[in-house]
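Down below is the structure, laid out as structure tokens.
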Amino acid sequence: MNSSLLRKLRDWRNETAKKEGVELFRVLSNKTLADIAALEPKSKVELTNIKGIKDKKYYSYGREIISIVKSCVAQTKISFPEKNKLSTFETLVAEIKNNELNEKNKKAEINQDEKIYSVSGFLDYLNEKLSSTVAKVKGEVTSLDEREKVIYFGLKDKNDESIINCLIFRYQYEVSGVKLEIGNEIIVHGYSEIYKPYGRLSLKTSLIELAGEGVLKKAYDQLKNKLEEEGLFSAERKKSLPLLPQTIGLITSSQGAAIGDFTTNLGNYGFKIKFINSSVEGKQAVFDLIRAIKQFQKMENIDALAIVRGGGSLESLQAFNNETLVREVANLEIPVVCGVGHDKDVSLVSLVSDLAVSTPTAAARIISKPWDAAVEKINRDGSFLINAFEKKLYASSHKINTLSFSLSYNFENIIQKFSAIKIDFMGKLEKIKYSTENLTNQINHLESLIINKYGQLILKIKEQIYYSESIINFNNPERQLKLGYSIISLKGIIVKSIRQIKKGDIVDVNISDGKINSEVINIKK
Amino acid sequence: MEKTNLSDSLKKLEKIVNWFESQKDIDIEKGLEKVKEGVKLIKSSKERLKKVENEFEEIKKEINNED
């Protein structure tokens with residue numbers, strides 16, 4: 001199965017269902033889409049053979065489906081030689097094959113000349129041819145018939161009576177943002193198709209734009225006033241950018257200079273850019289732009305959306321003055337930075353955007369500016385932090401020095417005081433010692449004094465005793481008797497003279513060991 | 001043995017000595033009594049004095065040892 005084809009078919013189916021305001025399966029079921037992708041039908045017969053596609057469906061979508069199939073299959077073929085540009089041989093072979101294919105197609109066409117068509121078949125054949133006649137046509141609106149889903153109108157040539165019937169689906173009409181009024185000169189984009197039940201040719205319009213600068217300017221002013229009155233451009237509606245946006249959505253054309261201007265001026269702040277390619281030129285760009293915006297609306301974590309393109313005339317910037325697009329932008333929750341250049345009048349998308357500048361470069365600058373500021377702030381704060389820290393450090397070390405100085409000073413003081421006390425104490429000790437010694441001396445002195453005195457006393461006593469002894473011994477009468485002396489007493493009286501006695505007296509003679517009684521015999525003188 | 005009081009003994013001895021020196025004629029009996037008393041006092045005084053001397057010497061030694 002051709003999966004890229006299936007993807008394209010599905011996109012087309014979803015888009016179509018949306019345009020017509022019906023459920024997806026009302027257009028084509030998934031099963032039918034898969035069958036188409038598998039069989040790659042390139043003609044009505046091939047397509048109507050697929051289950052789910054009957055005449056009615058074929059009439060509505062047949063040509064579109066076939067053109068999608070053809071474009072997709074052709075693309076895969078063309079891409080083959082491109083991939084191998086260097087190999088001239090292979091390119092040659094591919095070209096030859098392509099030529100062969102073209103030859104075959106030509107033959108088929110010739111065959112078809114001889115073929116007899118049914119009316120229906122012929123109209124199908126014509127419609128298939130007509131599907132490639134996409135064109136822009138300018139004319140005046142002559143009739144108007146607005147239905148629920150489709151608007152029918154007639155377009156008349158300005159110079160002659162030529163007329164063509166046109167139809168446009170409601171969605172595309174609304175996106176075009178041009179109110180059809182009889183007599184207006186407009187330009188329509190589309191291709192022709194024959195409506196089989198009536199055999200009538202009409203221009204299937206996909207986009208309507210106003211013709212002429214003056215008309216454009218008038219429409220611009222009207223829409224601007226209308227939206228302004230609604231308050232769509234008011235300052236209080238503006239969202240501000242996040243402090244430091246990181247993921248940036250970008251809508252612009254991959255072809256123009258704007259994309260380069262934007263990305264090179266964004267700066268190296270590690271932005272993630274989600275880019276959705278969109279045409280930006282002319283009115284037809286409006287569909288692309290709306291699709292891109294809707295895609296971003298579904299995405300998460302987009303910090304800011306940038307819509308940029310270079311400057312241009314009012315005509316080339318028509319898409320940016322489209323009401324539907326302006327409303328889509330207004331409804332976005334993501335803050336929008338618009339960098340769309342302008343000649344004289346600022347585009348309405350710029351006015352409705354949250355931030356508007358006039359170049360893609362300026363848009364990039366607005367987004368990267370807070371980063372510049374942040375980096376500058378980090379640098380500034382960083383050096384401030386270091387300075388402050390150094391100051392603190394210096395203050396601390398100064399304080400420590402002061403403290404340690406005063407500490408050592410006080411400590412020295414203490415030591416000095418201490419040594420003074422010590423000296424004082426030593427002096428006192430000395431005094432105590434001195435007085436103790438003094439006392440000891442005194443005691444010793446007293447001691448020797450006592451001893452001497454007492455010794456003398458003892459000696460004196462001794463002398464006294466000996467003296468007494470000698471006296472007593474001397475006076476002891478027994479001593480005389482022992483020496484042989486005797487004591488004579490008469491009647492108890494010691495006889496000391498001859499007068500005490502007379503002849504014949506009996507006297508007691510006491511000697512050392514007894515008494516002798518003696519008679520006085522003679523007395524001599 | 002009753003402790004001899006040296007001072008008392010000396011006083012008594014002094015009295016005895018004085019007694020002898022004051023007498024012109026010494027009564028033999030009385031003199032003998034005094035002598036006997038004196039001899040007794042001298043003997044006890046000498047003993048006491050000896051003891052005091054010894055104690056004094058001891059004390060002196062102790063004092064010298066303390067130095």
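Just name the residue that is nearest to the other protein chains (Cβ to nearest Cβ) out of those in the range A:465-499 that are assigned to a loop (DSSP other than H, G, I, E, B) and either closer than 30 Å to B:K46 by Cβ or among the charged types (D, E, K, R) (or both).
So the residue we want is A:N476.
I'm trying to understand the selection: among the residues of the range A:459-481, which are modelled with pLDDT under 80 and loosely packed, with under 13 Cβ neighbours inside 10 Å?
Answer for the range A:459-481, where residues must be modelled with pLDDT under 80 and loosely packed, with under 13 Cβ neighbours inside 10 Å: there is none.
Out of all the residues in the range A:206-216, is one or more touching a residue at least 40 places away in the same chain (Cβ under 8 Å) and part of a helix (DSSP H, G or I)?
yes
Looking at the range A:230-282, which of the residues that are in a loop (DSSP other than H, G, I, E, B) and basic (K, R) is nearest to A:V326 (Cα to Cα)?
Among residues in the range A:230-282 that are in a loop (DSSP other than H, G, I, E, B) and basic (K, R), the one nearest to A:V326 (Cα to Cα) is A:K238.
Just need a number here: residues in the range B:1-40 that are within 30 Å of A:V495 (Cβ to Cβ), part of a helix (DSSP H, G or I) and open to solvent by 70 Å² or more (accessible area, probe 1.4 Å).
Residues flagged as within 30 Å of A:V495 (Cβ to Cβ), part of a helix (DSSP H, G or I) and open to solvent by 70 Å² or more (accessible area, probe 1.4 Å) within the range B:1-40 amount to 10.
Confirm whether A:E315 is open to solvent by 10 Å² or more (accessible area, probe 1.4 Å) and free of Cβ contacts under 8 Å to residues at least 12 places away in the same chain.
Against the criterion (open to solvent by 10 Å² or more (accessible area, probe 1.4 Å) and free of Cβ contacts under 8 Å to residues at least 12 places away in the same chain), A:E315 does not qualify.
Here are some conditions: (1) within 14 Å of chain B (Cβ to nearest Cβ); (2) not in a helix (DSSP H, G or I). A:K502 meets all but one. Which one does it not meet?
Evaluating A:K502 over (1) within 14 Å of chain B (Cβ to nearest Cβ); (2) not in a helix (DSSP H, G or I) leaves (1) as the failure.
For the range A:449-458, name all the residues that are surrounded by 12 or more Cβ atoms within 10 Å (Cβ to Cβ) and more than 9 Å from every other protein chain (Cβ to nearest Cβ).
If the condition is that a residue be surrounded by 12 or more Cβ atoms within 10 Å (Cβ to Cβ) and more than 9 Å from every other protein chain (Cβ to nearest Cβ), then A:I450, A:L457 are the ones that fit.
What about B:N54, is it more than 8 Å from the chain's Cα centre (by Cα), exposed (fewer than 15 other Cβ atoms within 10 Å of the Cβ) and more than 10 Å from chain A (Cβ to nearest Cβ)?
The answer is yes for B:N54.
Report whether or not B:K61 is surrounded by 15 or more Cβ atoms within 10 Å (Cβ to Cβ), more than 7 Å from chain A (Cβ to nearest Cβ) and at pLDDT below 85.
So B:K61 fails the test.
Could you check, for the range A:427-447, whether at least one of its residues is in a loop (DSSP other than H, G, I, E, B) and more than 14 Å from chain B (Cβ to nearest Cβ)?
no
Taking the criterion of being more than 7 Å from every other protein chain (Cβ to nearest Cβ) and under 30 Å from A:Q442 (Cβ atoms), would at least one residue in the range B:3-18 satisfy it?
yes
Pairs under 7 Å by beta carbon, first residue under 19 Å from B:E53 (Cα atoms) in the range A:436-451, partner surrounded by 10 or more Cβ atoms within 10 Å (Cβ to Cβ), six or more apart or different chains?
Cβ pairs passing all conditions: A:E447/B:I63; A:I451/B:K60.
Just wondering, is there one or more residues in the range A:1-23 that are out of contact with any helix residue (DSSP H, G or I) (no Cβ under 8 Å at 6 or more places or on another chain) and touching a residue at least 24 places away in the same chain (Cβ under 8 Å)?
no
Take the residues in the range A:290-312 that are aliphatic (A, V, I, L, M) and under 18 Å from A:L355 (Cβ atoms), then tell me which one is surrounded by the most Cβ atoms within 10 Å (Cβ to Cβ).
Per the criteria, the residue is A:I307.
Being touching a residue at least 60 places away in the same chain (Cβ under 8 Å) and not hydrophobic (A, V, I, L, M, F, W, C), is that true of even one residue in the range A:155-171?
yes
Here's the yes/no breakdown for (1) without any contact (Cβ under 8 Å) to a residue 12 or more places away in the chain; (2) within 25 Å of A:Y269 (Cα to Cα); (3) in contact with an Asp or Glu (Cβ under 7 Å, 6 or more places away or on another chain):
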residue	(1), (2), (3)
A:A330	no, no, no
A:E333	no, yes, no
A:A363	no, yes, no
A:A373	yes, yes, no
A:G382	yes, yes, no
A:A388	yes, no, no
A:I421	yes, no, no
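Return only the number of the condition from (1) of a type outside the set (A, V, I, L, M, F, W, C); (2) more than 9 Å from chain A (Cβ to nearest Cβ); (3) out of contact with any Leu (no Cβ under 8 Å at 6 or more places or on another chain); (4) assigned to a helix (DSSP H, G or I) that B:R48 does not satisfy.
Only one criterion in (1) of a type outside the set (A, V, I, L, M, F, W, C); (2) more than 9 Å from chain A (Cβ to nearest Cβ); (3) out of contact with any Leu (no Cβ under 8 Å at 6 or more places or on another chain); (4) assigned to a helix (DSSP H, G or I) is unmet by B:R48, namely (3).
Among (1) farther than 18 Å from A:P245 by Cα; (2) modelled with pLDDT of 90 or more, which single condition is A:S316 missing?
(2)
The values are calculated or read from the model by the stated rules, or taken from the named source; none is laboratory data. All figures in this text were calculated on a predicted structure; none of them were measured in a lab. A quick note on method: Cβ atoms are made from the backbone with ideal geometry, for glycine too, and the neighbour counts reach across all protein chains shown. These area figures cover heavy atoms from the full protein model, side chains too; ligands, DNA and RNA do not enter into them. Shrake-Rupley method; radii C 1.70, N 1.55, O 1.52, S 1.80 Å.
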